[in-house]
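A.B. asks: Got a structure for you, questions after.
The values are calculated or read from the model by the stated rules, or taken from the named source; none is laboratory data. In this text the structure is predicted, and so the values were computed from the model without any measurement. In case anyone asks, the SASA skips ligands and DNA or RNA and just uses the protein heavy atoms, side chains included. Shrake-Rupley method; radii C 1.70, N 1.55, O 1.52, S 1.80 Å.
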Amino acid sequence: MHLNGLVRRADGPHLWVARRAANKKLDPGKLDHLVAGGVPAGLSPFETLLKEAEEEAGLEETLAAQAVEVARFRYDMERPEGLRRDFLYAYDLELPEDFIPRALDGEVESFALWPLEQVRETLLTSDAFKFNVVLVLTDLLLRQGLFAPGEAQRLRAALAMPANS
């Protein structure tokens with residue numbers, strides 16, 4: 001489950017970006033979503049979102065409950081820790097300009113509010129984001145119309161994503 005925490009400002013759309021704690025076993029220090037986490041047995045993806053939102057970002061349930069599911073992704077890939085076969089649920093949440101996330105569970109080192117254009121540039125020029133976050137952010141940027149002709153195809157090729165995903 002991954003949550004795009006969006007803020008609409010006068011100077012354009014922004015996204016809350018988390019930096020993973022340096023002591024995380026998987027991708028320490030990489031950039032991540034405002035809220036993300038595996039869906040445990042016994043919880044639905046949406047219930048996981050509500051639980052993780054409070055733990056990871058201090059996001060109250062009444063606000064987190066306004067999140068809207070926007071996409072689902074399935075991928076298989078080899079990683080240093082082994083084969084991953086994941087199914088991701090992606091959500092968008094429009095947040096008020098005065099919302100400030102708080103890292104409560106130690107999984108996040110810091111948060112920053114980035115213009116979507118900065119997110120786009122970082123995706124196209126680096127591997128700063130955690131591997132599966134790239135899928136969800138690519139979808140977000142496509143839906144927002146922020147890729148120039150050919151950029152999405154270059155990113156898909158770099159990720160070895162099928163053209164229809």
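A.B. asks: Which value, in Å², gives the accessible area per residue of the range 21-61 when a 1.4 Å probe is used on the protein heavy atoms?
C.D. replies: Per residue, the range 21-61 has 47 Å² of solvent-accessible surface.
A.B. asks: Determine the percent antiparallel among the DSSP beta bridges restricted to the chain, to the nearest 5.
C.D. replies: Of those bridges, close to 80 percent are antiparallel.
A.B. asks: Can you list the residues, at least 5 places off or on another chain, whose amide H is less than 5 Å from the amide H of Leu15, using H built in the peptide plane?
C.D. replies: Val7, Trp114, Leu116
A.B. asks: Under 17 Å between alpha carbons, and skipping anything fewer than 8 positions from Lys51 in its own chain: which aspartates and glutamates qualify?
C.D. replies: Cross-link targets: Glu60, Glu61, Glu69, Asp92, Asp105, Glu107.
A.B. asks: Let me check against my output: what whole-number percent is the relative contact order of the range 42-114, with C-alpha pairs under 8 Å and at least 6 apart?
C.D. replies: 32
A.B. asks: Further, regarding this structure: Just the Kirkwood number for the range 1-64, please: inverse of mean 1/r across all distinct Cα pairs, in Å, one decimal.
C.D. replies: Kirkwood radius, the range 1-64: 12.8 Å.
A.B. asks: Sort the chain into rounded, prolate or oblate with this rule: let a ≥ b ≥ c be the square roots of the eigenvalues of the Cα gyration tensor; rounded if a/c is under 1.5, and if a/c is not under 1.5, prolate when a/b is larger than b/c, oblate otherwise.
C.D. replies: Here the chain falls in the rounded category.
A.B. asks: Based on DSSP H runs of at least 4 residues, each adding -39500 (n - 2.57), what is the mean residue ellipticity at 222 nm of the chain after dividing by all its residues, to the nearest 500 deg cm²/dmol?
C.D. replies: -8500 deg cm²/dmol
A.B. asks: If you roll a 1.4 angstrom probe over the protein chains with everything in place, what fraction of the accessible area of the chain belongs to carbon and sulfur, to the nearest %?
C.D. replies: 52
A.B. asks: Quick check: with the 1.4 Å probe, what order do Thr122, Thr48 take by accessible area, largest first?
C.D. replies: So the residues, ranked largest to smallest area, are Thr122, Thr48.
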